[in-house]
Amino acid sequence: MGIGTLLLDRGLISDDQLAEAISEQQRTGERLDHALVRLGFVGPQDVLEAIGQQFGLPIVDLSTLDVDEDTLRLLPSKLVFKQRCVPIRRTETALQVATSDPFELSAFDELKLLTGVPIELVLAEEREISKFIRRHYGVAGDTLDALAAESGTGAEISEEVRSSEVDEAQEASVIRLVNDLLLEAIKERATDIHIEPYEDALEIRYRIDGVLADAGVPPTVNRFRNAIVSRLKIMANLNIAEKRKPQDGRITLRSRGQEYDLRVSVIPMLSGEGVVLRILNKSAVLMGLEELGMPAPVEEGWNALIARPHGILLVTGPTGSGKSTTLYASLRRIVSGAIKAITVEDPVEYHVPGVNQIQVNHQVGLDFAAGLRSILRHDPDIVMIGEIRDRETAEAAVQASLTGHLVFSTLHTNDAPGAMTRMLDMGVEPYLVSSSVEGVLAQRLVRKVCPHCASPRPIEGRRLPQDFPPPKAGRLIEGQGCRECRQTGYRGRVGVYELLTLSEQLRDLVMQRTGSGRLAEVAGAEGTLRPLRDDAFAKAAAGVTTLSEALRVAPA
């Protein structure tokens, strides 16, 4: 009996849901139960319990097990990766093996022949088995073993790797190794992959929820550092023979029906070439403004600003703080059949329906300023510039706003009032800044408390900041760390915001080149600025994030 029929007979899914999951399975090639879980028709634990009852197998939690090295060595890593099953306990009469797929009985006959002892099956979630394998055998451990066997003497694959110079087996293994690293990063929700060469090691790390974490790749990956970099260069259409200059490229990757755009940066370093890949999910559903986590006063104020017919609206914050997401959400809110919007971006991160998007191309002289001057001749109502980096772009944005266009852009400043002084520092005249800028939204991203291990903690004995609001139910919510959050206590991120709306008094102060500190003081007194710290503390008091995260993005 197949898994679909099994779940259907137990009333866990309907005929329509099964038909939709089968169609999705045919499209993506994934297992049927994985499709059912991904579509939200059934939970992974429900699937596991149904299989356990059908086969009479117990269910184990691999995250709580401590398996000794002798037991792990009873099965070759190649077989562990191939069959997706792991040895967890050796008894006098049998070897206990955890699997999520007991339907492939022939595979367990192979295990019995290999070990010479009876196999006792137990069930575990597929995710837990994958994590167990990564923890004990390493990411891409099977591919690295194959590469080591192919290289024989342990010599590295040539730095000048080309498809004509490497035999077919090595080429296939290198491709599989790099694909394993990329797909593992996507599975772990990473936004960046860092490949860092050192004298005796190759470090591979993933940035997950804004924090770097070790990818869990075996140390043997160091032997194939040149092959990995060369393969990534080939995928990104870069010059594999050039090892003295930085190079930038892009890779398009498809996984489970989703399309990903990987921005590749290669830089020569002391011990080799370092690579960083930024991962963008081109198929992701863009978020709406109501989903970003803005507090009600900020959202109301921002909605009023983006409804204006002209002026400059700036979103500020460090790299990776979600500025582009906010701009895309704002465009989606106001763009309609009666409004024409054009963007100039570097790079175009996501495709927005109904918006004309232009990719910056420095090689042909198409930068932000040149792009902005050109698109004004296309009669837009709304213009978005990816970033104001210099005086030329800033003055072009000002002129666009003064000629009746609503201009969106980003700046790298620490807070909203700092955007005024940054524009002045670029050389824009004070009267142009004060008359064109309508509002500034500053933002950061904080990690959210993992919902799977969140628990209330008493506040007694803890020193809270004086301006910290009373916590919900008198307790702070923190994550203990679990398998869902990689033992960090956090899963996912949410924005914290401050909005500055330009009043007449503030415009007068900008004309006088007043510093950002004084602007913040006046704006706070007149109620046109709600500080970032207030929103961060409010989210910590509500249990959305933790106090330490709030203090990290909004220190005193």
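The values are calculated or read from the model by the stated rules, or taken from the named source; none is laboratory data. Worth saying up front: this structure is predicted, and the values here are computed from it rather than measured. A quick note on method: Cβ atoms are made from the backbone with ideal geometry, for glycine too, and the neighbour counts reach across all protein chains shown. These accessible areas exclude ligands, DNA and RNA; they are computed on the full protein's heavy atoms, side chains included. Shrake-Rupley method; radii C 1.70, N 1.55, O 1.52, S 1.80 Å.
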Worksheet item: Quick one: how many Å² of residue 286 are accessible to a 1.4 Å probe, rounded to 10?
Response: 30
Practice prompt. Compute the normalised compactness of the stretch 1-142: alpha-carbon radius of gyration over 2.2 N^0.38 Å, N being the residue count.
Written response: 1.09
Discussion item. For the stretch 231-248 and the stretch 168-227, what is the centre-to-centre distance using only Cα atoms, to the nearest Å?
Written reply: 17
Worksheet item: Calculated FRET efficiency, residue 259 and residue 101, Cβ-Cβ r, R0 30 Å, to nearest 0.05?
Response: 0.60
Practice prompt. Provide the per residue accessible area, probe 1.4 Å, for the chain, rounded to a whole number of square angstrom.
Written response: 47
Worksheet item: For the chain, which whole percent of the accessible surface, found with a 1.4 angstrom probe, sits on carbon and sulfur atoms?
Response: 49
Worksheet entry | Distance between modelled label sites at residue 53 and residue 214, nm, 7 Å Cα→Cβ extension | 4.2
Item to complete: Just read off the accessible area of residue 485 with the full protein assembly in place, 1.4 Å probe, to the nearest 10 Å².
Response: 10
Discussion item. Just to check, using Stokes-Einstein with a Kirkwood Rh over alpha carbon pairs, what's the diffusion coefficient of the stretch 421-556 at 10 °C and 1.306 mPa s in µm²/s?
Written reply: 94
Discussion item. Run the reach check for residue 243 against lysines, Cα to Cα strictly under 17 Å, same-chain hits fewer than 8 apart removed. What comes back?
Written reply: 233
Worksheet entry | Whole-Å distance, taken between Cα centres, linking the stretch 330-391 and the stretch 1-51 | 43
Response to the item:
Projected onto the charge dipole of the chain (unit charges on the beta-carbon of Lys, Arg, Asp and Glu, signs +1, +1, -1, -1), the Cα from 456, 356, 409 with the largest positive-side position is that of 409
Item to complete: State the cysteines of the chain left without a partner when partners are defined as other cysteines whose beta carbon lies under 4.7 Å away.
Response: 85
Worksheet item: Once Rh for the stretch 403-490 is found with the Kirkwood sum over Cα pairs, what is the Stokes-Einstein diffusion coefficient at 20 °C and 1.002 mPa s, in µm²/s?
Response: 124
Worksheet entry | Qualifying lysines (Cα of each under 28 Å from Cα of residue 112; at least 8 residues distant if same chain) | 78, 82, 131
Worksheet item: Just from its helices, what would the mean residue ellipticity at 222 nm be for the chain, if runs of 4 or more DSSP H residues each count -39500 (n - 2.57) and the sum is divided by every residue, rounded to the nearest 500 deg cm²/dmol?
Response: -11000 deg cm²/dmol
Worksheet item: How large, in Å, is the stretch 199-294 by the Kirkwood hydrodynamic radius built from its alpha-carbon pairs?
Response: 15.4
Worksheet item: To the nearest 10 degrees, how steeply does helix 225-235 sit against the main Cα axis of the chain, on a 0 to 90 scale?
Response: 60
Worksheet entry | the stretch 1-76 - charge dipole about Cα centre, Lys and Arg +1 at Cβ, Asp and Glu -1, debye rounded to 20 | 240
Item to complete: Starting from the residue with the highest accessible area, list 351, 405, 310 in decreasing order, probe 1.4 Å.
Response: 351, 310, 405
Worksheet item: Rounded to the nearest 0.05, what FRET efficiency is calculated for residue 425 and residue 270 with R0 set to 30 Å and r the Cβ-Cβ distance?
Response: 0.30
Worksheet item: Restricting attention to the alpha-carbon atoms of the chain, what are Rg (one decimal) and Dmax (integer), both in Å?
Response: 27.4, 86
